[in-house]
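Heads up, the thing below is written out as structure tokens.
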Amino acid sequence: MKALVYQGPGKKVLEDRPVPKVKSPTDALVKIRKTTICGTDLHILKGDVPTCTPGRILGHEGVGIIEKTGSGVSMFHEGDHVLISCITACGKCEYCRRRMYSHCTTGGWILGNEIDGAQAEYVRIPHADTSLYPIPEGADEDALVMLSDILPTGFECGVLNGKVEPGSTVAIVGAGPIGLAALLTAQFYSPAEIIMIDLDENRLQVAARFGATATVNGGDGKAAETVMKMTGGRGVDTAIEAVGVPATFITCENIVAPGGTIANVGVHGVKVELHLERLWSRNITITTRLVDTVTTPMLLKTVQSRRIDPKRLITHHFKLDQILDAYDTFGRAATTQALKVVIDA
Ligand SMILES: NC(=O)c1ccc[n+]([C@@H]2O[C@H](COP(=O)([O-])OP(=O)(O)OC[C@H]3O[C@@H](n4cnc5c(N)ncnc54)[C@H](O)[C@@H]3O)[C@@H](O)[C@H]2O)c1
Ligand SMILES: [Zn+2]
Ligand SMILES: [Zn+2]
């Protein structure tokens, strides 16, 4: 089968690999129909993720059809259409019982990281019963690819942790796929204002179409000042960090209102300064989270009922044998205006 293989920092190839086998009774083999590329795959290619070693097939998102199941899989059968979750969960360990699947002792984020992933014709999914979701008949599979990772991430790490409420003021720093997913799902709670901050004018325009009430281009280095002016000097109730660099977390520290929440979503690779000398008295909450994907079934219903349309995040389509072009397009988002690229296997 064809597979996109990580070969060390800066190196990836489309290779011929053997089709994976069912190794454990709880595994399922899934024939991929659609997959996509995540910002985290670009982090891996930069060498930022040491758990992902050379030779690994990348990808932790996708939809497909069950090809084969182990003898212990009871929820899925050959031919079933399934959504792959970026998080593998046994459903039984202490963390899974606390709905913290991201820290499952035999799962978590392993797909396309510690085990071979979904940017291939087939993928082996461990703990299949609790790591796959059935796709309803007639569902739009392109839209559902957005449910493997980015929608639950924006919703759980940003909106839920950020305690977005009716009438509240929200700022989202970063209008990439994750920030935009937070923007779409924040609207479940009818906040009064959602201010979107980015450096990329095209992404800010997309954000305005997706329901942002205001956009701020932080290119002048004055994003926090602008947000403070917009909110009459009060700041925002929820500041969602969806970039993963020190500057944007500090923006959140500078715009959070008394009693507010900073919800960090971004993956940080370097130390970030925490200004407790200013924040200690402001009754704020700071949250961090690796996506748990516990809200996937709920989000699937909102997509099915057209309450949200994540397909709007898709800008490009490729075939699996063009996946290197897909990476190139996704990696140069500022010039290609790419958000999510869907790859048909
Ligand atoms: N916590 C989790 O479980 C989890 C899961 C998936 C992804 N992530 C992380 O979430 C983050 C966002 O992911 P993405 O795919 O949307 O990334 P992305 O790189 O596509 O988007 C980031 C956006 O931030 C903007 N930006 C960069 N510097 C900025 C600045 N100084 N001020 C304002 N905007 C700035 C960029 O223009 C871009 O639009 C990444 O760090 C990713 O690794 C976290
Ligand atoms: Zn991802
Ligand atoms: Zn578990």
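Where strands (runs of 3 or more DSSP E) sit wholly within segment 165-280, those with at least 1 residues that are away from ligand 3 (no atom under 16 Å from the Cβ) and under 30 Å from Pro50 (Cα atoms) occupy 169-173, 193-198, 236-241, 256-264. Screening Leu180, Leu151, Leu184 for residues that are touching a residue at least 40 places away in the same chain (Cβ under 8 Å) and more than 16 Å from ligand 2 (Cβ to nearest atom) leaves exactly one candidate, Leu184. The residues on offer are Gly70, Gly59, and the sole one that is over 25 Å from the mean Cα position of the chain (by Cα) and under 25 Å from Cys90 (Cα atoms) is Gly70.
From the set of residues in segment 84-99 that are within 16 Å of ligand 2 (Cβ to nearest atom) and of a type outside the set (A, V, I, L, M, F, W, C), which is farthest from Thr293 (Cα to Cα)? Here the residue is Thr88.
Looking across segment 170-183, the residues that are at negative phi and surrounded by 24 or more Cβ atoms within 10 Å (Cβ to Cβ) come down to Val170, Ala171, Ile172, Val173, Ala175, Pro177, Ile178, Gly179, Leu180, Ala181, Ala182, Leu183.
The numbers here are math on the coordinates, done by the rules we state, and not lab data. Predicted, not measured: the structure shown is a model, and the values here were computed from it. Don't worry about glycine lacking a Cβ; one is built from the backbone with ideal geometry, like all the others, and counts go over all protein chains shown.
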